[in-house]
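The values are calculated or read from the model by the stated rules, or taken from the named source; none is laboratory data. The model shown is predicted, which means the values in this text are computed figures rather than measured ones. Using ideal geometry, Cβ is built from the backbone for each residue, glycine included, and neighbour counts are taken over all protein chains shown.
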Amino acid sequence: MDTIASLFSFITTPVSWVIVQFHKMYGAIFGPDTGWAWGLSIVSLVVLIRICLIPLFVKQIKSTRNMQALQPKMKAIQERYKSDKQRQSEEMMKLYKETGTNPLSSCLPILAQSPFFFALYHVLSAIASGKTIGVIDQPLLESARQAHIFGAPLAAKFTDSAEKVAALDASLTDVRIVTAVMIILMSASQFFTQRQLMMKNVDLSVKTPYMQQQKMLMYIFPVIFAVMGINFPVGVLVYWLTTNVWTMGQQMYVINQNPTPGSKAQDAYLQRLLKGVTHHGEVRGRRRKNIVKAIVAKGSDRNENERRFFTGLAKAGFAAQADGTVIKSDTAVAEAEGGAGTRRQQPKRQTKAQRQSGGGQQTTAKEAEDSAPDAEDAADATADVADEKAAPSLEKKPQSEAKGTKAGSPDAGDKPTRQRANSGGSRQRKGQQRPKHPSSKK
């Protein structure tokens, strides 16, 4: 313990000074010896630290976006070296190095606030032991030892003995109930934060080491905090519960306002943006315009959510511009409706006889309708009936009479062979064909 304290001694004095300054402010309101004064001082310390870590959090978001942009290349590497896991890992690390991406950047906020965490832990342990530390002198030490949060002293732990808890003027039952509830809340908030990140703000179409890392953190971190929480003083549990709640709220804001491309959160955000555009007739806000501008710049590289957003804009009569604004466009509506109609239209299926006699030529549904109008089909049907009635009498004539008939005689012209032609080739009737007229040369 002394070794750890010496490692973080450089930050123990600043942390104790910040707590004392907040205690003076809250002590004037709630009283200097109350748990509210000391508890709110710890909460304010967390808020101050997290505000200072906002630039690091922004860097974390940018690194996450870079990981998402690299997913197509990651997928290509996974497919290429599917059977060689070692080579796959080497190519992944090479890609990270070339693009300057760090897959472990999501841990940076936790690593950055670790010194403050251990410094606060050492301060509270010193208070529990009755030792002055940093700028906390003897009067402040006695005030902190008298402070209780829901009946549990700030320096008490779940594993403390009844005698040690009694020395802090509290009961062991109160201490264990308060610490157990805070440990459960701390672990649950950590799990919910990671779960909403995995379920809503990650593109699940491609498996990457980043996704595996987040999945591991989702299950491991709550267990770690639950196990370690029984050895944390109540004041440290207040600190860690506050920072988890802050992280959860911060993550919810990012998911709703700046979601990861290709995620469920992006689809929900773009649908809200589409509803706002159709209602107001414009894109409101600089940030929303920048998002539309970025989607327009992607061109054909847009994901499914972004293509659905542009289709919705076109159906509503809007067209997105390169500067992130939208304009009214009747052409966009026509293209959206025409594109849908074109996808529904399918070429007419040819019969087997058409495929065999057409010489490889195909006739579209439009050409078939132009070459075979309803009036012509009616005439063909009438001719078919007349030919079928005349066929039996013609077959009874002597063969000599059929041969003696000249091609130029009236008999030859009475029943000429009916031939039809269209632009795509000969058109044959499906089923049994009519018998040839005996006066035909063929």
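Summary table below
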item	result
Among residues of the stretch 298-326, those that are out of contact with any Lys or Arg (no Cβ under 8 Å at 6 or more places or on another chain) and acidic (D, E), counted	2
Long-range neighbours under 8 Å by Cβ, at least six apart or interchain, first residue under 24 Å from S63 (Cβ atoms) within the stretch 80-95, second hydroxyl-bearing (S, T, Y)	Q88/Y81; E91/Y81; L95/T101
Hits in the stretch 150-188 (condition: under 19 Å from L120 (Cα atoms), part of a helix (DSSP H, G or I) and of a type outside the set (V, I, T))	M182, M186
Sole exception among (1) surrounded by 19 or more Cβ atoms within 10 Å (Cβ to Cβ); (2) in contact with a helix residue (DSSP H, G or I) (Cβ under 6 Å, 6 or more places away or on another chain); (3) of a type in the set (A, V, I, L, M, F, W, C) for L172, by number	(1)
Any pair with Cβ under 8 angstrom, 6 or more apart, that starts in the stretch 278-305 at a residue that is in the same structural domain as A320 (by TED's automatic domain parsing) and more than 16 Å from S263 (Cα to Cα) and ends at one that is in a helix (DSSP H, G or I) and of a type in the set (K, R)	V283/K289
Some residue of the stretch 231-241 being surrounded by fewer than 19 Cβ atoms within 10 Å (Cβ to Cβ) and either assigned to a helix (DSSP H, G or I) or modelled with pLDDT of 90 or more (or both)	no
Selection from the stretch 101-140 of residues that are part of a helix (DSSP H, G or I) and over 23 Å from L48 (Cα atoms)	A128, S129, Q138, P139
Out of L104, L111, L185, sole residue that is closer than 22 Å to I224 by Cβ, out of contact with any helix residue (DSSP H, G or I) (no Cβ under 9 Å at 6 or more places or on another chain) and either loosely packed, with under 14 Cβ neighbours inside 10 Å or modelled with pLDDT of 90 or more (or both)	L111
K264, sole failed condition from (1) surrounded by fewer than 17 Cβ atoms within 10 Å (Cβ to Cβ); (2) under 19 Å from the mean Cα position of the chain (by Cα); (3) charged (D, E, K, R)	(1)
The stretch 190-201 residues that are outside the structural domain of N244 (by TED's automatic domain parsing), paired with ones that are in a helix (DSSP H, G or I) (beta carbon under 9 Å, 6 or more apart)	none
Boolean, Q213 is assigned by TED's automatic domain parsing to the domain that holds S63, at pLDDT below 85 and farther than 30 Å from S129 by Cα	yes
Any hit, the stretch 341-354, residues being part of a helix (DSSP H, G or I), modelled with pLDDT under 90 and surrounded by 12 or more Cβ atoms within 10 Å (Cβ to Cβ)	yes
